[in-house]
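Please read the structure below before turning to the comments.
The values are calculated or read from the model by the stated rules, or taken from the named source; none is laboratory data. In this text, all values refer to a predicted model and were calculated from it rather than measured experimentally. Here the Cβ positions follow ideal geometry from the backbone for every residue, glycine too, while neighbour counts run over all protein chains shown.
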């Protein structure tokens, strides 16, 4: 599925999420099952299938990792953690150090340190997204696959931060 086509967009890493969300809401409203109560079974199934497709397209386009994957797919560049180049040793070492610092902050229940580590990774993630944006604008897709891998590392780190925030907020050890 081409999520850009489903939502009536030109394929681009740079998107106006507010505008796309509005389009998503309008399409969802148009395809809502209540509008098809009196329709035949085939038409109801078609509308439901299209609604599912619209929701999946919205999830893909609003997520920078999935948006990049969709653009690579459209350019016939294989992506996925099994086919992407291995991360650089420098990135692996840095992420290992960041995770160790995060584990220490978690053990100390130091939310200030957890948040500081998260801000650092958020800044790196934003820079990586800018690099992807620029690369896609230039049409240099294949070399960007490694950059997508970096984005995946940052996303996983921030997912860990969210889990720690939840754990500390709810008093779990």
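Per-structure values
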{"item": "Spans of helices (runs of 4 or more DSSP H) in the stretch 46-140 with at least 1 residues closer than 30 Å to residue 22 by Cα", "result": "64-74, 111-138"}
{"item": "Which listed residue, of 70, 57, 39, is on the phi < 0 side of the Ramachandran plot, touching a residue at least 60 places away in the same chain (Cβ under 8 Å) and not assigned by TED's automatic domain parsing to the domain that holds residue 128", "result": "70"}
{"item": "Test result for residue 39, over 23 Å from residue 128 (Cα atoms), out of contact with any helix residue (DSSP H, G or I) (no Cβ under 7 Å at 6 or more places or on another chain) and outside any helix (DSSP H, G or I)", "result": "yes"}
{"item": "Single condition residue 76 does not satisfy, out of (1) touching a helix residue (DSSP H, G or I) at 6+ places or on another chain (Cβ under 8 Å); (2) loosely packed, with under 13 Cβ neighbours inside 10 Å; (3) closer than 29 Å to residue 140 by Cα", "result": "(1)"}
{"item": "Hits in the stretch 1-36 (condition: out of contact with any helix residue (DSSP H, G or I) (no Cβ under 9 Å at 6 or more places or on another chain), under 27 Å from residue 139 (Cα atoms) and in a helix (DSSP H, G or I))", "result": "18, 19"}
{"item": "Hits in the stretch 153-165 - residues which are farther than 17 Å from residue 108 by Cβ and either outside the structural domain of residue 107 (by TED's automatic domain parsing) or surrounded by fewer than 18 Cβ atoms within 10 Å (Cβ to Cβ) (or both)", "result": "155, 156, 158, 159, 162"}
